[in-house]
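**Student:** Right, I'll just put the structure down here and ask away after.
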Ligand SMILES: Nc1ncnc2c1ncn2[C@@H]1O[C@H](COP(=O)(O)OP(=O)(O)OP(=O)(O)O)[C@@H](O)[C@H]1O
């Protein structure tokens with residue numbers, strides 16, 4: 001079940017209810033929602049939403065395979081990916097994203113994605129992968145690093161954490177720790193560490209209600225082991241568990257919980273405004289900076305990203321208002337366009353190394369190329385001037401030239417020999433003819449001829 005390219009994939013997951021048979025909101029696979037007759041308060045009893053699919057009574061494994069797997073595999077190919085769970089409190093967002101601790105079979109999207117990533121790293125041997133994790137919590141408009149307690153985490157910045165944007169790097173959180181992981185086990189340990197640090201509260205609709213938005217990010221970098229170019233790809237896989245919207249009357253939140261609920265509802269409303277603007281192609285401005293959540297998710301909602309929204313709803317008729325509100329949000333998300341492209345980069349250090357190697361290979365090649373006539377004449381001239389003393393150094397840039405210079409020297413020595421021999425022969429003849437010449441001169445000439453190998 002893969003969303004069409006250029007569209008956000010929107011899926012509905014219905015939390016199973018105890019009164020499944022009579023109490024269920026009818027939610028058909030094509031996005032039709034109907035309300036049971038006896039709970040109708042108005043005459044509108046049927047709504048229609050454009051969605052990828054409605055999943056009811058599916059196992060965690062099937063849900064992951066049908067909805068998320070393609071986004072995870074895309075991240076290994078260099079595409080950014082986002083899977084985000086949205087819905088009212090208690091609808092099953094954390095169950096979907098992290099899973100239940102009750103059994104291994106009930107593990108959610110994050111542990112399954114980590115397993116998939118490391119299985120693929122083993123299989124894709126032609127690439128060297130670097131995997132890093134970060135875990136961000138947004139609680140009451142404050143950014144919290146859920147992994148800051150781990151060894152090796154940077155000391156918290158005195159200026160606090162901040163959502164920032166840089167060309168080429170996109171959106172990132174300054175001060176958020178990034179942890180290298182080399183195996184599924186190591187990654188799961190970090191996930192559990194972060195889970196322990198999350199802020200959980202208890203209210204009428206959920207005993208373990210997340211009081212914050214959480215963004216678990218898998219950062220992937222892949223370099224080819226076979227190609228010696230400086231290109232490499234990176235991606236960010238954002239797995240987002242949003243805090244649940246809540247009707248304050250229904251949850252009965254008070255005090256700190258009430259304050260949290262107000263922050264949660266306000267930030268979700270800003271998220272909805274950003275989604276509305278993203279889906280309206282006539283609007284030039286998208287209000288991402290209204291909240292920390294929308295700012296942190298700026299490059300993860302649409303644009304260069306494979307995006308999936310999971311709309312978690314409760315099956316009970318009593319939750320119809322909240323369900324419709326969630327489905328309206330899901331419908332708006334469907335209007336958001338995406339344009340995923342592989343994040344390819346060039347390593348400047350490696351580029352320089354490659355250029356140096358390339359230059360050396362070129363020089364080595366040119367070094368063994370035969371010399372042209374002009375080059376040979378130039379070397380001949382340089383050697384002559386060097387021998388005469390008018391040139392101090394011979395300009396040599398290749399092995400071929402060295403060979404040519406030696407050849408010229410050999411020639412010069414041979415010519416010199418010829419000249420000496422000729423001179424000596426002349427002198428010898430003179431000596432033979434001129435009996436009056438000094439015998440000592442003759443001996444010197446004979447000695448020289450012997451030395452020169454005649
Ligand atoms: N598909 C499901 N199958 C079985 N149990 C589920 C399912 N969905 C949710 N639950 C159970 O329902 C309860 C509430 O779910 P969960 O905590 O995931 O909701 P939530 O949407 O994250 O709520 P909140 O926004 O308050 O954090 C949990 O006990 C969870 O195990």
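**Student:** Do any residues in the range 47-67 that are without any contact (Cβ under 8 Å) to a residue 12 or more places away in the chain have Cβ atoms under 9 Å from those of residues that are away from the ligand (no atom under 14 Å from the Cβ), where the two are at least six apart or on different chains, and which pairs are they?
**Tutor:** From residues that are without any contact (Cβ under 8 Å) to a residue 12 or more places away in the chain, the pairs are 65/1; 65/112.
**Student:** Okay, moving on. Give me the strands (runs of 3 or more DSSP E) completely within the range 184-270, filtered to those with at least 1 residues that are modelled with pLDDT of 95 or more and within 16 Å of the ligand (Cβ to nearest atom), ordered by residue number.
**Tutor:** Working: elements: 200-203, 206-210, 213-224, 231-241.
Qualifying strands (runs of 3 or more DSSP E): 213-224, 231-241.
**Student:** Let me ask something additional. Which count do you get for residues in the range 77-96 that are surrounded by fewer than 24 Cβ atoms within 10 Å (Cβ to Cβ) and away from the ligand (no atom under 12 Å from the Cβ)?
**Tutor:** Of the residues in that region, 3 qualify.
**Student:** If residue 258 meets every condition in (1) touching a strand residue (DSSP E or B) at 6+ places or on another chain (Cβ under 9 Å); (2) surrounded by fewer than 17 Cβ atoms within 10 Å (Cβ to Cβ); (3) closer than 15 Å to residue 89 by Cβ apart from one, which number is that one?
**Tutor:** Residue 258 satisfies every listed condition except (1).
**Student:** Taking the options 116, 126, 102, name whichever one is more than 16 Å from residue 308 (Cα to Cα), at pLDDT below 95 and away from the ligand (no atom under 15 Å from the Cβ).
**Tutor:** Working: 116 fails: at pLDDT below 95; 102 fails: away from the ligand (no atom under 15 Å from the Cβ).
Unique residue meeting the criteria: 126.
**Student:** Of the residues that sit in the range 417-429 and are out of contact with any helix residue (DSSP H, G or I) (no Cβ under 8 Å at 6 or more places or on another chain) and at pLDDT 85 or above, which one is farthest from residue 383 (Cα to Cα)?
**Tutor:** The extreme case among them is 422.
**Student:** Looking at the range 272-286 only, could you name the residues that are touching a residue at least 40 places away in the same chain (Cβ under 8 Å) and not in a loop (DSSP other than H, G, I, E, B)? Give the derivation first.
**Tutor:** Just the residues of the range 272-286 that are touching a residue at least 40 places away in the same chain (Cβ under 8 Å), to begin with: 272, 275-276, 278-281.
Within the range 272-286, 272, 275, 276, 278, 279 qualify.
**Student:** Kindly indicate whether any position in the range 296-303 is buried (at least 21 other Cβ atoms within 10 Å of the Cβ), over 30 Å from residue 234 (Cα atoms) and at pLDDT below 90.
**Tutor:** No: zero hits.
**Student:** Residues 321, 316, 344: which one is surrounded by fewer than 17 Cβ atoms within 10 Å (Cβ to Cβ) and over 30 Å from residue 166 (Cβ atoms)? Steps first, please.
**Tutor:** On the way: 316 fails: surrounded by fewer than 17 Cβ atoms within 10 Å (Cβ to Cβ); 344 fails: over 30 Å from residue 166 (Cβ atoms).
So the residue among 321, 316, 344 that is surrounded by fewer than 17 Cβ atoms within 10 Å (Cβ to Cβ) and over 30 Å from residue 166 (Cβ atoms) is 321.
**Student:** Could you check the range 182-204 and list, in sequence order, the residues that are touching a residue at least 60 places away in the same chain (Cβ under 8 Å) and within 22 Å of the chain's Cα centre (by Cα)? Talk me through it step by step, then tell me what you get.
**Tutor:** Step one: of the range 182-204, the residues touching a residue at least 60 places away in the same chain (Cβ under 8 Å) are 183-184, 187-188, 191, 195, 197-199, 203.
Across the range 182-204, the qualifying residues are 183, 184, 187, 188, 191.
**Student:** Name the residue that is farthest from residue 72 (Cα to Cα), counting only residues in the range 287-322 that are in a strand (DSSP E or B) and more than 16 Å from the ligand (Cβ to nearest atom). Give the derivation first.
**Tutor:** In the first step, residues of the range 287-322 are kept if they are in a strand (DSSP E or B); the result is 303, 306-314, 316.
From the residues that got through so far, the ones that are more than 16 Å from the ligand (Cβ to nearest atom) too are 303, 306-308.
Working: 303: 17, 306: 9, 307: 11, 308: 11 Å.
Filtering first and then ranking leaves 303.
**Student:** Could you tell me how many of the residues in the range 60-76 are away from the ligand (no atom under 12 Å from the Cβ) and surrounded by 19 or more Cβ atoms within 10 Å (Cβ to Cβ)?
**Tutor:** Taking the range 60-76 first, the residues away from the ligand (no atom under 12 Å from the Cβ) are 61, 64-76.
Cutting the leftovers down to surrounded by 19 or more Cβ atoms within 10 Å (Cβ to Cβ) gives us 64, 67-68, 71-72, 74-76.
Residues in the range 60-76 being away from the ligand (no atom under 12 Å from the Cβ) and surrounded by 19 or more Cβ atoms within 10 Å (Cβ to Cβ): 8 in total.
The values are calculated or read from the model by the stated rules, or taken from the named source; none is laboratory data. As the structure is a computational prediction, the values presented were derived from the model and not from experiment. Glycine gets a Cβ as well: all are built from the backbone with ideal geometry, and neighbour counts include every protein chain shown.
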